[in-house]
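Presented below is the structure to which this report refers.
The values are calculated or read from the model by the stated rules, or taken from the named source; none is laboratory data. Note that this is a predicted model, so its numbers are computed, not measured. Using ideal geometry, Cβ is built from the backbone for each residue, glycine included, and neighbour counts are taken over all protein chains shown.
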Amino acid sequence: MGLMTRLAALAGYERRSDLSPLDPSWQALSPGGYYAGMSARAAENLSTVLACTTAISTALAYVPALVYKRDGLTRLEHPAHPLSRLVRGGPNSAMTWPDLVEHWIASALLTGNGLIEIERSGNGQPSGLVYVPWSNVAVQELASGRLAYDVGDGKGRVRRLLEGEVLHLRDRTDDGKIGKSRLARSADTVSGVDLANRHARTFLANGANPSGVIQSDGVMTQEIAERLRAQFAERHAGAGNVGKTLVLDGGLTWKPAQISPEDAELLETRRFGVIEIFRLFQVPPPIVQAYENNTFTNASQAGLWFATFCLAPWARKIEAEFARSLFPTNGPYELELDLSGFLRGDPETRWNAHKIALETGVLDPDEVRQVEGWNPRSESVRSDPPSNEGEQAA
């Protein structure tokens, strides 16, 4: 780093530059994307982690994203805003809006951080949004206290993005800067579930049926023992050999072995581990098809719980990050993720809500039609009666 650059940094100025992985700025603040020596992506091998991550990310990608403009006490939807066009037409050439949101939120759930690069046109308006995998990012705190994001392309090229050029979605942080995933915070819990699954796989892969020990009345040489062990493993070990008939001669006898209490409780241990992961992500079990001890009553409330205690906090985080990084400071625009979009799959509840709104005067019929995506009745196109000239010409 040159003298002028160091002086500028001390004065609080920031400079974008292309950096190599050997540059000191490549030394990142810990992303917290690992737990117990395993990458967070590997945690998706646990079906419950994958199911919870998918449920949250796809649900928020599914709901309508609307841009509003505030004018005094009035708030109106602003479909002409550049962000509205990106939501409708796609944020970049490779992704739709739901794809982008799903990737972004899933990254935040698994690693504690999700990053999107903001592309802007010459007038400063957003012209594109590009998802950046967190594994390609290194973070440095600049002298000004702001963060710089050094993004690698996997080919040795690195470029720097500054705050205001990215949307940084964080899970809860320890330092106020870099998110720490709940997988990392509950590493022992997740590792315990992973170990139980590994034990189950090993038990099934290496188990034999019947299971026990072979005894001999006489002395068995090392050579005979090794040959017998190899033959037994070939013909009877593994799930594919379960139930094959065991034939012994030469005075050999088979002594069945009882299943240990630990193996007998393995299924219950794994089931409890699934519940533990549900708690980490705040996802009700019925949302990811876990219907044990389920009733119609608690199943009907699962969606409400999911929206209130899981999705709503993440939706608010997303709205706040757009307000902080994409819209002008104290500007009139804001993004809203409309969670009422979930009622799209529940027409009975949706129309009952419309009925209440009409009866209480909150909405009028044209506003209800607009919510449903229909043209207002007052603006419907009506065919005019034919004129006399037209009738005479006919």
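Looking for whichever is closer than 17 Å to ALA108 by Cβ and either assigned to a helix (DSSP H, G or I) or not assigned by TED's automatic domain parsing to the domain that holds LEU162 (or both) here; the options are LEU304, LEU335, LEU311. Which one fits?
Working: LEU304 fails: closer than 17 Å to ALA108 by Cβ; LEU335 fails: either assigned to a helix (DSSP H, G or I) or not assigned by TED's automatic domain parsing to the domain that holds LEU162 (or both).
That would be LEU311, the only listed residue that is closer than 17 Å to ALA108 by Cβ and either assigned to a helix (DSSP H, G or I) or not assigned by TED's automatic domain parsing to the domain that holds LEU162 (or both).
Restricted to the range 122-144, and to residues that are touching a residue at least 12 places away in the same chain (Cβ under 8 Å) and among the polar types (S, T, N, Q), which residue is nearest to ASP175 (Cα to Cα)?
The initial filter retains those residues of the range 122-144 that are touching a residue at least 12 places away in the same chain (Cβ under 8 Å), namely 125-144.
Then drop every residue that is not among the polar types (S, T, N, Q), which leaves 125, 127, 135-136, 140, 144.
Working: GLN125: 31, SER127: 32, SER135: 20, ASN136: 21, GLN140: 13, SER144: 16 Å.
So, considering only residues that are touching a residue at least 12 places away in the same chain (Cβ under 8 Å) and among the polar types (S, T, N, Q), the one nearest to ASP175 (Cα to Cα) is GLN140.
What about THR74, is it at pLDDT 95 or above and among the β-branched types (Val, Ile, Thr)? Lay out the reasoning, then the answer.
Details: at pLDDT 95 or above: no; among the β-branched types (Val, Ile, Thr): yes.
So THR74 fails the test.
Consider only pairs whose beta carbons are under 6 Å apart and that are at least six residues apart or on different chains; among these, list those whose first residue lies in the range 101-118 and is in the same structural domain as LEU60 (by TED's automatic domain parsing) and whose second residue is among the acidic types (Asp, Glu) and at pLDDT 95 or above.
Qualifying pairs under 6 Å: ALA108/ASP171; GLY112/ASP171; ILE118/GLU165.
Counting just the residues of the range 88-128 that are among the aliphatic types (A, V, I, L, M) and over 14 Å from ILE318 (Cα atoms), which one comes out surrounded by the fewest Cβ atoms within 10 Å (Cβ to Cβ)? Steps first, answer last, please.
Kept after step one, since they are among the aliphatic types (A, V, I, L, M), are these residues of the range 88-128: 94-95, 100-101, 105-106, 108-110, 115-116, 118.
Cutting the leftovers down to over 14 Å from ILE318 (Cα atoms) gives us 94-95, 110, 118.
On the way: ALA94: 10, MET95: 17, LEU110: 26, ILE118: 18.
Per the criteria, the residue is ALA94.
Going by what's in this entry, would VAL362 be described as over 20 Å from the mean Cα position of the chain (by Cα), farther than 30 Å from THR54 by Cα and at pLDDT 80 or above?
Working: over 20 Å from the mean Cα position of the chain (by Cα): yes; farther than 30 Å from THR54 by Cα: yes; at pLDDT 80 or above: yes.
Yes, satisfied.
Any chance the range 268-285 includes a residue that's more than 30 Å from THR48 (Cβ to Cβ), at pLDDT below 75 and exposed (fewer than 12 other Cβ atoms within 10 Å of the Cβ)?
No, the range 268-285 contains no residue that is more than 30 Å from THR48 (Cβ to Cβ), at pLDDT below 75 and exposed (fewer than 12 other Cβ atoms within 10 Å of the Cβ).
State yes or no: is SER186 surrounded by fewer than 20 Cβ atoms within 10 Å (Cβ to Cβ) and over 23 Å from the mean Cα position of the chain (by Cα)?
Working: surrounded by fewer than 20 Cβ atoms within 10 Å (Cβ to Cβ): yes; over 23 Å from the mean Cα position of the chain (by Cα): no.
Considered against the rule, which asks whether it is surrounded by fewer than 20 Cβ atoms within 10 Å (Cβ to Cβ) and over 23 Å from the mean Cα position of the chain (by Cα), SER186 comes out as no.
Sort through SER57, SER107, SER84 and tell me the only one that's over 17 Å from LEU169 (Cβ atoms) and in a helix (DSSP H, G or I). Steps first, answer last, please.
On the way: SER57 fails: over 17 Å from LEU169 (Cβ atoms); SER107 fails: over 17 Å from LEU169 (Cβ atoms).
Of SER57, SER107, SER84, the one residue that is over 17 Å from LEU169 (Cβ atoms) and in a helix (DSSP H, G or I) is SER84.
Among the listed residues GLY179, GLY152, which satisfies the condition of being in the same structural domain as PRO82 (by TED's automatic domain parsing), at pLDDT 85 or above, touching a strand residue (DSSP E or B) at 6+ places or on another chain (Cβ under 8 Å) and within 22 Å of ALA323 (Cβ to Cβ)?
Result: GLY179 is the single residue among GLY179, GLY152 that is in the same structural domain as PRO82 (by TED's automatic domain parsing), at pLDDT 85 or above, touching a strand residue (DSSP E or B) at 6+ places or on another chain (Cβ under 8 Å) and within 22 Å of ALA323 (Cβ to Cβ).
Need pairs with beta-carbon distance below 6 Å; first residue more than 24 Å from VAL130 (Cβ to Cβ) and within the range 168-186, second modelled with pLDDT under 95 and of a type in the set (A, V, I, L, M, F, W, C); sequence gap 6+ or separate chains.
ARG182/LEU280; LEU183/ALA40; LEU183/ALA43; LEU183/VAL190; SER186/LEU280
Name, by its number, the condition in (1) on the phi < 0 side of the Ramachandran plot; (2) assigned by TED's automatic domain parsing to the domain that holds TRP314 that does not hold for VAL190.
Unmet for VAL190, out of (1) on the phi < 0 side of the Ramachandran plot; (2) assigned by TED's automatic domain parsing to the domain that holds TRP314: (2).
Mind counting the residues in the range 129-174 that are surrounded by 18 or more Cβ atoms within 10 Å (Cβ to Cβ) and of a type in the set (Gly, Ala, Ser)?
3
Do we find a residue being within 23 Å of the chain's Cα centre (by Cα) and surrounded by fewer than 18 Cβ atoms within 10 Å (Cβ to Cβ) anywhere in the range 70-86?
no
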